[in-house]
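The values are calculated or read from the model by the stated rules, or taken from the named source; none is laboratory data. A quick note: this is a predicted structure, and the numbers were derived from the prediction, not measured. Here Cβ is always computed from backbone atoms with ideal geometry, including for glycine, and neighbour counts include all displayed protein chains. Side chains included, ligands, DNA and RNA excluded: accessible areas come from the protein's heavy atoms. Shrake-Rupley method; radii C 1.70, N 1.55, O 1.52, S 1.80 Å.
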Amino acid sequence: MCGIVGYIGPRDLSTVILVGLERLEYRGYDSCGIAAVNGGLTIRKTAGRLQKLKDILANDPVSGNLGIGHTRWATHGKVTDENSHPFTDCSRRIALVHNGIIENYRELRERLVAEGHQFVSSTDTEVIVHLIESHYKKDLATAVRKAAAELQGSYAIAVISADEPDRMVAMKFGGPLIIGQGKHEFVVASDALALVGIAQQMLPMHDGEIAVITRDALELTDAGGQPIKRQFVTMDIKAKAVTKGGYPHFMRKEIFEQPQIIAEGISHRFRDQRVLLDAEFLLYPDEVEKVERIVIQACGTSYHAGLVGRYYFEKLCRIPVSVEISSELRTSEFIYDSRTLMIPISQSGETADTLAALREARARDIHSLAVLNTKRSSIDREADSSVYIHAGPEIGVASTKAYTAQIFTLLSLALHFARVRKTMPDEKFDDIVHHLRHLPVQMRQALALDASVKATAERLAEARDFLFLGRGINYPSALEGALKLKEISYVHATGLAAGEMKHGPIALISENTPVIGIAPRDAVHEKMLSNLAESKARKALIIAVGTEGDKALEELADTVFSVPAAPEYLMPMLVAIPLQLLAYHVAVLHGCDVDKPRNLAKSVTVE
Ligand code: AGP
């Protein structure tokens, strides 16, 4: 997803905008740029990384107290200097940056060209700044409002004009845009991380709103120009969240944060045999009792967490659950009704497909309960209820701490539902909470596998095809392990239900296909051993994740990452750790950009 940073205030403009864009690098991008108002309009932009922009600015600096910056993740138009943002109008007096996709840009471009506008790029974004120019009569906000009325698609924009050097205009329709207020300064950004260190207060914009921002004031109006009064909220992101804290990568830091996050979750969520949920959890007991069906929907890692969550709701609450990939759900028949509860899961709260499927549910008056890591995100605002995973900002594109925190939150929710629906005796509740209290220590023990995982990664550095096998509640663990490896090391990896091996995939097995088997001592342990034995018989290298002291597994596998014994329902949060570390070390060995893998964005806000 692209990154937007706009600033008006007394600080050094380049520094503020570049630092802000660096905070957004994790979202993925392939070009960047900055525009400043200083008498006229100065633009510096380039394909490539921020370092290239810094080098340009070192030789050819910009100055001023009003400016906008952007990191672009190419959707329309190749990765070139010309297609980088900011864009200007024909007079080079207005500059704009944009996140999103303008669906009717072709017809707008044709009309604007016919009116004499010259285009310099092949992007959809450039039509916006020329449209604003065509409406501009010395009032930027009015011109933006009129232009927006003609746009179809999703957009978050920040606009400045050399003719109005005391203000910045921002607007959004789809895709996040947050305003931060400091002392005689404002910053607007597509992610709250960019506000850290400048703003003490923040205000997420809502769709259709237009913000006119001067150094000391914010004027918020709706699409019709009517003033809107909304309260700023105190920034809830600490500065340490945006630093690596001594780790070489954000991903590694976030892997190692997991035990603490779960420990804090346990202390906040369980008290006097009750589950404490967030204030935004608005399902009353009688509504919880009425739920006859749950549809969990998410993408990527969040989808894998949902697959684990299914076991919890079915086993503890006796509620049938379907788990859907968001992009597939939104094109399905959607045969749900008011007795269905939809649970969208999203770390960012901005994933376009998950948001779209949520909107389908809302259109059918189906109650939605979002599991999120980002408060005041689009999904948070549109869901009927929310529960937060409290994992703190996750910077690494590869989701790690959010995954285990999502699983923990889903277990907490299922325990709450089971209490309300009386489908679980008190002793069982107490037993689960008792085992949960041991989990953070066990996760730390799993982190102690780091050195042996690194040694194994060195053995696997040349492998180009991996199979991850799991069964039951660890089938999602296999899917997640494969996704982690492929998305940061660019190596092909497939996660499989181990029982499917004989139905085709076993043909892939050879001495060149390491098999990663997730085989803790549980109800399907023996079957997993058979699957691994079949793979070994075909010369595959067997790397297993198992329970400490499992002699049978140790005899069978070439390497075993042993995690402490824990109940089956907690295992996905334990086995995830060696799998995350394996992906991390293989990627580092391959010299990949672990925190910002190629082609990926942290939050996929375009469909
Ligand atoms: C996970 O490592 C990936 N970065 C990706 O699959 C991610 O989980 C997916 O895009 C969903 O994102 P969300 O949780 O923010 O909705």
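Quick rundown of the values:
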item: Members of region 46-80 found to be out of contact with any Asp or Glu (no Cβ under 7 Å at 6 or more places or on another chain) and of a type in the set (Lys, Arg), listed by number; result: Arg49, Lys52, Lys54, Lys78
item: Helices (runs of 4 or more DSSP H) contained in region 272-329 and holding at least 3 residues of a type in the set (Gly, Ala, Ser); result: 300-317
item: Thr374 being within 23 Å of Leu411 (Cα to Cα) and open to solvent by less than 40 Å² (accessible area, probe 1.4 Å); result: no
item: Those residues of region 348-373 which are assigned to a loop (DSSP other than H, G, I, E, B) and within 8 Å of the ligand (Cβ to nearest atom), in sequence order; result: Ser348, Gly349, Glu350, Thr351, Asn373
item: Enumeration of residues in region 331-357 that are farther than 18 Å from His304 by Cα and either of a type in the set (Lys, Arg) or in contact (Cβ under 8 Å) with a residue 24 or more places away in the chain (or both); result: Phe334, Tyr336, Asp337, Ser338, Arg339, Thr340, Leu341, Ala356
item: Candidate set: region 382-429, residues that are of a type in the set (S, T, N, Q) and within 13 Å of Val275 (Cβ to Cβ); chosen: the one surrounded by the fewest Cβ atoms within 10 Å (Cβ to Cβ); result: Ser412
item: Region 588-605 - residue that is within 12 Å of the ligand (Cβ to nearest atom) and touching a Ser or Thr at 6+ places or on another chain (Cβ under 6 Å) and, of those, most open to solvent (accessible area, probe 1.4 Å); result: Val604
item: Residues (touching a Ser or Thr at 6+ places or on another chain (Cβ under 9 Å) and either within 16 Å of the ligand (Cβ to nearest atom) or open to solvent by 10 Å² or more (accessible area, probe 1.4 Å) (or both)) located in region 337-347; result: Met342, Ile343, Pro344, Ile345, Ser346, Gln347
item: Test: residue in region 308-315 that is more than 27 Å from Glu394 (Cα to Cα), open to solvent by 10 Å² or more (accessible area, probe 1.4 Å) and modelled with pLDDT of 95 or more; result: yes
item: When residues of region 559-574 are limited to those that are part of a helix (DSSP H, G or I) and either open to solvent by 20 Å² or more (accessible area, probe 1.4 Å) or touching a Phe, Trp or Tyr at 6+ places or on another chain (Cβ under 8 Å) (or both), the one farthest from the ligand (Cβ to nearest atom); result: Glu568
item: Listing of strands (runs of 3 or more DSSP E) fully contained in region 159-213 that carry 1 or more residues being basic (Lys, Arg); result: 168-173
item: Counted residues, region 274-291 - those being open to solvent by less than 70 Å² (accessible area, probe 1.4 Å) and either touching a residue at least 24 places away in the same chain (Cβ under 8 Å) or among the small types (Gly, Ala, Ser) (or both); result: 9
item: Residue count, region 448-502 (criterion: more than 26 Å from the chain's Cα centre (by Cα), among the small types (Gly, Ala, Ser), over 17 Å from Asp522 (Cβ atoms) and in a helix (DSSP H, G or I)); result: 4
item: Residues located in region 462-520, provided they are within 16 Å of the ligand (Cβ to nearest atom), more than 18 Å from Val545 (Cα to Cα) and of a type in the set (Ser, Thr, Tyr); result: Ser489, Tyr490
item: Any hit, region 222-240, residues being assigned to a helix (DSSP H, G or I), over 29 Å from Val606 (Cα atoms) and not aliphatic (A, V, I, L, M); result: yes
item: Subset of region 45-88 (residues that are closer than 20 Å to Ala189 by Cβ and of a type in the set (Ser, Thr, Tyr)); result: Thr71, Thr75, Ser84
item: Test: residue in region 58-75 that is charged (D, E, K, R) and open to solvent by less than 40 Å² (accessible area, probe 1.4 Å); result: yes
item: Enumeration of residues in region 528-558 that are more than 35 Å from the chain's Cα centre (by Cα), open to solvent by 30 Å² or more (accessible area, probe 1.4 Å) and farther than 21 Å from Glu458 by Cα; result: Ser530, Ala533, Glu534, Ala537, Arg538, Gly549, Lys551, Ala552, Glu555
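Matching residues to (1) under 26 Å from Gly100 (Cα atoms); (2) of a type outside the set (Asp, Glu):
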| site | (1), (2) |
| --- | --- |
| Ala158 | yes, yes |
| Glu164 | yes, no |
| Gly175 | yes, yes |
| Leu195 | yes, yes |
| Glu209 | yes, no |
| Ala239 | no, yes |
| Gly246 | no, yes |
